[in-house]
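Peer 1: So that we are looking at the same thing, I have put the structure below in structure tokens.
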Amino acid sequence: MPNLNDFSFRAQPRFNESEFRPLFAKAVNLRTVLIHCFDPRASEVPAVVAQHFGEVYPGENVLDEAGNRVGHTTTLFPVSVAGGRAVAGVQSIATMVHLFGIERVVVVHHSFCGATSFTTDGIIDAFKHEHGSDISSAFDHDSICISDFESSLKYDAGVVRAHPGVPRHVEIYGFFYNIDTGELTEVVSDIPDTVNA
Ligand SMILES: [Zn+2]
């Protein structure tokens, strides 16, 4: 087995955390983090959102002279999570803020999502009976299922806005995506007032 630590940035010669970090922003011109559902029927969402905002996606690798992958041309990173719920994406957002800096977070919930097929009480009861475990306090109750798209998108935009890992200047959008027509409908847009930001 190779020494796996050889493949970490911090193991490279002359590595210095504060000097190294700005190189990330040069390697990828990241602007948008997208949180969406991993339902394969909604797999077009990253491309549709990229087109809507004029982002580059999926883009391609940037190689150095030796052929190593040292960057990428995409400007949008998708985060695929159950239901596209923001609670599962905030750690990814904060990490991307730290490494690349971002301008925008987009949350997308889609038609006939599995998260609209059960209730919070229903999934808690099912885990009790089927797995003998109590998940009632394991998750934020308002982030488990989707009972109403307008409410879930507004709630998730609020989760992102309230998170300390999301800088004040970041724009936050919530969209509904129709998996059958491909139509994207804007439900929430939270654009900070730059004068007072
Ligand atoms: Zn879904």
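Peer 1: Residue under question is Val81, and the condition is that it be within 16 Å of the ligand (Cβ to nearest atom), within 12 Å of the chain's Cα centre (by Cα) and surrounded by fewer than 18 Cβ atoms within 10 Å (Cβ to Cβ); does it hold?
Peer 2: yes
Peer 1: Starting from residues that are in contact with a Cys (Cβ under 8 Å, 6 or more places away or on another chain) and part of a helix (DSSP H, G or I), keep the ones in the range 66-99 and report whichever is farthest from Glu150 (Cα to Cα). Walk me through it before giving the result.
Peer 2: Keep residues of the range 66-99 that are in contact with a Cys (Cβ under 8 Å, 6 or more places away or on another chain), which gives 80-84.
Filter again for part of a helix (DSSP H, G or I), leaving 82-84.
On the way: Ala82: 17, Gly83: 14, Gly84: 14 Å.
Restricting to residues being in contact with a Cys (Cβ under 8 Å, 6 or more places away or on another chain) and part of a helix (DSSP H, G or I), the top hit is Ala82.
Peer 1: A further question follows. So how many residues does the range 12-44 have that are aliphatic (A, V, I, L, M) and either within 16 Å of the ligand (Cβ to nearest atom) or modelled with pLDDT under 90 (or both)?
Peer 2: Filtering the range 12-44 for residues aliphatic (A, V, I, L, M) gives 23, 25, 27-28, 30, 33-35, 42.
Still in the running and either within 16 Å of the ligand (Cβ to nearest atom) or modelled with pLDDT under 90 (or both): 34-35, 42.
The qualifying residues number 3.
Peer 1: Still on this structure, please answer the following. Filter the range 185-197 for residues that are assigned to a strand (DSSP E or B) and over 17 Å from Ile146 (Cβ atoms) and give the result.
Peer 2: Hits for the range 185-197 are Glu186, Ser189, Asp190.
Peer 1: On the given criteria, is Ile102 modelled with pLDDT of 95 or more, part of a loop (DSSP other than H, G, I, E, B) and under 18 Å from the mean Cα position of the chain (by Cα)?
Peer 2: yes
Peer 1: With the requirement that a residue be out of contact with any helix residue (DSSP H, G or I) (no Cβ under 7 Å at 6 or more places or on another chain), among the small types (Gly, Ala, Ser) and outside any helix (DSSP H, G or I), what does the range 115-150 give you?
Peer 2: Matches in the range 115-150: Ser117, Gly132, Ser137, Ala138, Ser147.
The values are calculated or read from the model by the stated rules, or taken from the named source; none is laboratory data. Since we're looking at a predicted model, the values are computed, not measured. Using ideal geometry, Cβ is built from the backbone for each residue, glycine included, and neighbour counts are taken over all protein chains shown.
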